[in-house]
Amino acid sequence: MKKPEKKDSAYITNLVAIEDDGSFPCPKCGMTISPEDETEENYKIIDTKVVNKELAELVIACGKCGSTIKLTGFQQG
Ligand SMILES: [Zn+2]
């Protein structure tokens, strides 16, 4: 059996379950993070994963506590 690689403590948030405006609370500190907010005080983009020219996954760091949060569930075409 393969063990999934475990890096630090990454939280996974599925955007399907998020408010219409795309904002969600940080799973750790509870600060509201809005992907529409492009300032890096709110969050910092660490990595993006694009599949078929569509954004499939976004890895961000909370601007307050620094937790790594992986966003999935972007709507596809
Ligand atoms: Zn946080």
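The values are calculated or read from the model by the stated rules, or taken from the named source; none is laboratory data. This structure is a prediction, so every number in the text was calculated from the model and none was measured. Note that each Cβ is placed from the backbone with ideal geometry, even for glycine, and that neighbours are counted across all protein chains shown. For the accessible areas, the whole protein counts, side chains as well, though only heavy atoms, and no ligand, DNA or RNA atoms are used. Shrake-Rupley method; radii C 1.70, N 1.55, O 1.52, S 1.80 Å.
Selection over segment 47-71 of residues that are open to solvent by less than 100 Å² (accessible area, probe 1.4 Å) and either within 16 Å of the ligand (Cβ to nearest atom) or closer than 16 Å to Ser9 by Cα (or both) gives a count of 14. Scanning segment 32-46 for residues that are open to solvent by 90 Å² or more (accessible area, probe 1.4 Å) and either basic (Lys, Arg) or not in a strand (DSSP E or B) (or both) turns up Glu36, Glu38, Glu40, Glu41, Lys44. Within segment 21-31, track down each residue that is away from the ligand (no atom under 15 Å from the Cβ) and either part of a strand (DSSP E or B) or exposed (fewer than 11 other Cβ atoms within 10 Å of the Cβ) (or both). Listed by number, the list holds a single entry, Asp21.
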